[in-house]
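The values are calculated or read from the model by the stated rules, or taken from the named source; none is laboratory data. Source: prediction; values computed, not measured. Counting neighbours? That spans all protein chains shown, and the Cβs are built from the backbone with ideal geometry, glycine included. Ligands, DNA and RNA are stripped out before the accessible areas are found, and what is left, the full protein with its side chains, is counted by its heavy atoms. Shrake-Rupley method; radii C 1.70, N 1.55, O 1.52, S 1.80 Å.
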Amino acid sequence: MTIRVHVAMDPRVAAEVFPAGLPPLTGPVEREADPAAAEVLLTGWGAARLDSATLDRTPRLRCVIHAAGTVKTFVTPEVFARGIRVSSAADANAVPVAEFALAAIVLGAKRAFTAAHRYRTGPVKRDLRGLPWIGTRGLTVGVVGASRTGRRLIALLHRQLPDVRVLVHDPWLDAAAAERLGAA
């Protein structure tokens, strides 16, 4: 049995993800140029909205594998109503996003951007006058959303910056759940 896969993402994204061209699919998997024959859609940023009209043109579709984070931008309730399975790389993508957020928090707390600007443009190279406290000790960090990324960021904050107080806002998170995450 052969599985037919159609790559459905912005061509510029595909070129970045697969810089040497789309890799050959091997074994019982074939790349399918015709979406109507596809059983699997490999999607990424720039994927077209999977509404009823699109799904009618892909009658054999059984699975959407999204090689990026959220599918909310293009997967409609009709996809699930038709029993099409959906997978995404949201959990894997949450790791570098949370790490970047942590780095931005530390750099912001260290006033790195202001200091770099002053260093480039000012006559005095180590002028920190007028800057508020530099560092993370006693810092309060607000996290908006207890998503995969938000939860990973909260864990990183506690692990890397134990003196930081974490606040979280998420309309679907109650106070007890926030406390279990280590946030107020």
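Restricting the search to segment 77-113, which residues are open to solvent by less than 40 Å² (accessible area, probe 1.4 Å), farther than 20 Å from V17 by Cα and either modelled with pLDDT under 95 or of a type in the set (D, E) (or both)? If the condition is that a residue be open to solvent by less than 40 Å² (accessible area, probe 1.4 Å), farther than 20 Å from V17 by Cα and either modelled with pLDDT under 95 or of a type in the set (D, E) (or both), then G108, A109, A112 are the ones that fit.
For every residue, the table says whether it meets (1) open to solvent by 20 Å² or more (accessible area, probe 1.4 Å); (2) within 21 Å of the chain's Cα centre (by Cα); (3) at pLDDT 85 or above.
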residue: H6; (1), (2), (3): yes, no, yes
residue: F18; (1), (2), (3): yes, yes, no
residue: R31; (1), (2), (3): yes, no, no
residue: T43; (1), (2), (3): no, yes, yes
residue: D51; (1), (2), (3): yes, no, yes
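Contact map, segment 32-53: first residue farther than 17 Å from I84 by Cα, second residue open to solvent by 50 Å² or more (accessible area, probe 1.4 Å) and of a type in the set (S, T, N, Q), Cβ cut-off under 8 Å, separation 6 or more or different chains; the map is empty.
Scanning segment 6-21 for residues that are of a type outside the set (G, A, S), more than 19 Å from V71 (Cβ to Cβ) and part of a helix (DSSP H, G or I) gives P11, R12, E16.
Here R57 fulfils each of the conditions (1) under 17 Å from V7 (Cβ atoms); (2) touching a helix residue (DSSP H, G or I) at 6+ places or on another chain (Cβ under 7 Å); (3) surrounded by 13 or more Cβ atoms within 10 Å (Cβ to Cβ) apart from (3). Of everything listed in (1) in contact (Cβ under 8 Å) with a residue 24 or more places away in the chain; (2) part of a loop (DSSP other than H, G, I, E, B); (3) open to solvent by 30 Å² or more (accessible area, probe 1.4 Å); (4) more than 20 Å from R4 (Cβ to Cβ), the single unmet condition for K72 is (1).
In segment 80-93, the residues that are under 16 Å from A47 (Cα atoms) form Cβ pairs under 9 Å with partners that are open to solvent by 80 Å² or more (accessible area, probe 1.4 Å) and assigned to a helix (DSSP H, G or I), at six or more places apart or across chains, as follows: V86/F80; A90/R148. Quick one: is V79 of a type in the set (A, V, I, L, M, F, W, C) and closer than 30 Å to R60 by Cα? So V79 passes the test. Considering only residues in segment 153-184 that are touching a strand residue (DSSP E or B) at 6+ places or on another chain (Cβ under 9 Å) and of a type in the set (D, E, K, R), the one that is most open to solvent (accessible area, probe 1.4 Å) turns out to be R165.
Checking P96, P59 one by one, the residue that is part of a helix (DSSP H, G or I) and not charged (D, E, K, R) is P96 and no other. For segment 114-152, a residue qualifies if it is closer than 20 Å to L102 by Cβ, among the hydroxyl-bearing types (S, T, Y) and either open to solvent by 100 Å² or more (accessible area, probe 1.4 Å) or in contact (Cβ under 8 Å) with a residue 24 or more places away in the chain (or both), and the qualifying residues are T136, T140, S147, T149.
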